[in-house]
1. Could you list all residues from the stretch 252-267 that are free of Cβ contacts under 8 Å to residues at least 12 places away in the same chain and loosely packed, with under 12 Cβ neighbours inside 10 Å?
2. Return the total of residues in the stretch 117-140 being under 27 Å from A278 (Cα atoms), touching a residue at least 40 places away in the same chain (Cβ under 8 Å) and out of contact with any Ser or Thr (no Cβ under 9 Å at 6 or more places or on another chain).
3. So, of the residues in the stretch 94-108 that are within 21 Å of P136 (Cα to Cα) and of a type in the set (D, E, K, R), which turns out to be farthest from the chain's Cα centre (by Cα)?
4. Considering (1) under 28 Å from S279 (Cα atoms); (2) in contact (Cβ under 8 Å) with a residue 12 or more places away in the chain; (3) out of contact with any Lys or Arg (no Cβ under 6 Å at 6 or more places or on another chain), say which one I149 fails and leave the rest.
5. Among residues belonging to the stretch 281-312 that are touching a Leu at 6+ places or on another chain (Cβ under 6 Å), assigned to a strand (DSSP E or B) and not hydroxyl-bearing (S, T, Y), point out the one that is surrounded by the fewest Cβ atoms within 10 Å (Cβ to Cβ).
6. From the list E242, E290, E324, E259, exactly one residue is at pLDDT below 95 and not β-branched (V, I, T). Which is it?
7. Please go through the stretch 67-93 and give me each residue that is under 15 Å from V138 (Cβ atoms) and in a loop (DSSP other than H, G, I, E, B), ordered by number.
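The values are calculated or read from the model by the stated rules, or taken from the named source; none is laboratory data. Computed from a predicted model, the values in this text were never measured in an experiment. For neighbour counting, all protein chains shown are included, and Cβ atoms are generated from backbone atoms with ideal geometry for every residue, glycine included.
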Amino acid sequence: MADESTAKPKLTVLLCAPRGFCAGVDRAIQIVELALEKYGPPVYVRHEIVHNKFVVEGLRAKGVVFVEELDEIPAGDRPVIFSAHGVPKSVPADATARNMFFLDATCPLVSKVHKEAQIHHKRGRDIVLIGHAGHPEVIGTMGQLPEGIVSLIETEADARASQPRDPDNLAWITQTTLSVDDTSAVVATLREHFPDIVAPHKDDICYATTNRQEAVKEVAPRADAMIVVGAPNSSNSQRLREVAERAGCPHSVLLQCAEDIDWTTFSGISTLAVTAGASAPEVLVEEIIEAFAARFDVTVETVRTAEETIAFNLPRELRIAAAE
């Protein structure tokens with residue numbers, strides 16, 4: 001029988017489900033790995049394929065070269081892959097002009113938003129994009145149309161101050177990885193000021209973002225602390241941390257891996273919630289739970305709020321390699 005003075009304190013881990021990789025991230029990583037398999041290294045990727053250091057470093061070790069712009073890639077026939085976040089139209093046009101062989105790993109749900117923007121433009125509507133300035137997805141979506149056609153709105157204040165050229169012929173679209181609640185508030189403000197504004201046929205915020213936020217809302221009020229596994233430049237991971245705080249969790253942190261745990265901030269807890277952003281692999285979640293198990297007597301309770309069965313097709317060029 002363990003000495004009471006040395007016994008580990010009990011800890012219940014509320015493990016959110018769904019969590020981690022979404023179908024778009026899984027597809028993007030598969031595209032890179034299959035390109036390596038079919039064409040051999042080096043394979044070039046413009047921007048991080050997904051926003052996760054562990055994934056990026058793992059692919060780099062296999063022969064992937066990450067660049068920010070196409071002019072960093074030497075002339076030749078090596079494959080070039082565009083990241084899951086999407087790119088402005090100018091990027092594939094530039095790649096074509098340089099005679100590059102490129103594969104597009106843009107998430108199909110991001111591509112859906114691109115198509116919406118193009119349809120609104122063809123119908124003569126002004127377009128507002130709800131999103132975060134500087135995020136690659138926002139840059140890519142705004143870059144589907146000529147400069148000045150799409151206006152960016154980040155907050156309710158931006159929505160109130162918006163002065164579209166044609167307020168009676170206006171449409172809104174969104175970044176796919178936003179806070180559902182924040183976006184709803186911005187949309188409500190837009191509708192208040194522009195009652196005839198046209199909405200997307202189907203919500204632009206992707207199913208995975210919504211599902212992960214709903215799971216966090218379910219467990220956050222029950223937890224003394226919440227860990228979101230993800231990268232600081234991952235929009236959907238940052239939103240999960242914010243959702244946890246708003247849902248009543250007193251201590252919510254975003255961590256990239258177990259090594260980043262500041263143990264002084266987790267002393268005295270009895271319930272810990274854990275989730276992972278859509279670009280964070282499950283192995284990082286497992287390592288964090290193992291780290292807590294070394295210090296606590298851990299019981300894991302999975303809290304599932306949705307089932308996910310969505311999968312996206314690979315580019316035609318890689319389907320044969322995948323089948324083999």
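1. Selection gives E259, D262, T264, S267.
2. Result for the stretch 117-140: 1.
3. Ranking the candidates gives D94 first.
4. (1)
5. Among those residues, the one meeting the criterion is E301.
6. That would be E324, the only listed residue that is at pLDDT below 95 and not β-branched (V, I, T).
7. S83, A84, H85, G86, V87, P88, K89 - these are the residues of the stretch 67-93 that are under 15 Å from V138 (Cβ atoms) and in a loop (DSSP other than H, G, I, E, B).
Residue-wise test of (1) more than 19 Å from S179 (Cα to Cα); (2) out of contact with any Pro (no Cβ under 6 Å at 6 or more places or on another chain); (3) assigned to a helix (DSSP H, G or I).
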site: V228; (1), (2), (3): no, yes, no
site: R239; (1), (2), (3): no, yes, yes
site: V243; (1), (2), (3): no, yes, yes
site: C249; (1), (2), (3): no, yes, no
site: V253; (1), (2), (3): no, yes, no
site: T265; (1), (2), (3): yes, yes, yes
site: T275; (1), (2), (3): no, yes, no
